[in-house]
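Student: Would you mind keeping the following structure in view while I ask a few things?
The values are calculated or read from the model by the stated rules, or taken from the named source; none is laboratory data. Bear in mind the structure is a predicted one, so any value in this text is a computation, not a measurement. Cβ placement follows ideal geometry from the backbone for every residue including glycine, while neighbour counts extend to all protein chains displayed. In case anyone asks, the SASA skips ligands and DNA or RNA and just uses the protein heavy atoms, side chains included. Shrake-Rupley method; radii C 1.70, N 1.55, O 1.52, S 1.80 Å.
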Amino acid sequence: QVQLVESGGGSVQPGGSLRLSCTASGSGFSINVMGWYRRARGPQRELVAIISSGGSTNYAESVKGRFTISRDNAKNTVHLQMDSLKPEDADVYYCIARTTVDDVYWGQGTQVTVSS
């Protein structure tokens with residue numbers, strides 16, 4: 001079983017920055033992919049950015065050039081640096097971790113508010 005603990009959400013003005021972090025804990029697991037989704041307005045959560053254990057990344061088109069995902073494999077921690085935030089980035093952001101046996105775990109969600 002994997003537990004994900006998120007931190008770093010909050011409120012910022014448009015154009016500002018926030019950094020989200022997520023740490024996985026537990027035992028007997030090896031994580032392949034970590035990343036972030038957000039709740040969005042559709043029926044499913046929307047991918048924001050993911051990163052593999054090898055460092056390969058994938059970003060939503062809407063955040064490319066503004067968000068940067070990074071990872072510390074030794075600490076099972078993933079970070080999302082969010083710059084030039086826009087009001088449409090406001091949402092609940094969820095950390096995700098997928099293990100090497102394809103089990104998927106979600107964090108509890110952290111609120112990001114972008115408003116003047």
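Student: Put PHE67, PHE29 in order of accessible area, largest first, 1.4 Å probe: what do you get?
Tutor: In descending accessible area the options line up as PHE29, PHE67.
Student: Each residue of segment 27-38 in order: what ³J(HN,Hα) in whole Hz does its phi give by Karplus 6.51 cos²θ - 1.76 cosθ + 1.60, θ = phi - 60°, with x for Gly and Pro?
Tutor: 8, x, 9, 9, 8, 8, 10, 10, x, 9, 10, 10
Student: Averaged over all directions, how much area does the convex hull of the C-alpha atoms of the chain cover when projected, in nm²?
Tutor: The orientation-averaged projected area of the Cα hull of the chain comes to 6.7 nm².
Student: Under a 10 Å cutoff between Cα atoms, tell me which one of GLY65, GLY28, GLY16 has the largest fluctuation in the Gaussian network model of the chain.
Tutor: Evaluated over the chain, the most mobile residue of the options is GLY28.
Student: Using only the heavy atoms of the protein chains and a 1.4 Å probe, how would VAL101, VAL63 rank by accessible area, largest first?
Tutor: VAL101, VAL63
Student: Among GLU61, GLU88, GLU6, what's the order by accessible area (1.4 angstrom probe), most exposed first?
Tutor: GLU61, GLU88, GLU6
Student: May I ask for the longest run of the chain untouched by trypsin sites (Lys or Arg not before Pro) that are loop-located per DSSP and have at most 14 neighbouring C-beta atoms (other than their own) within 10 Å?
Tutor: 65-116
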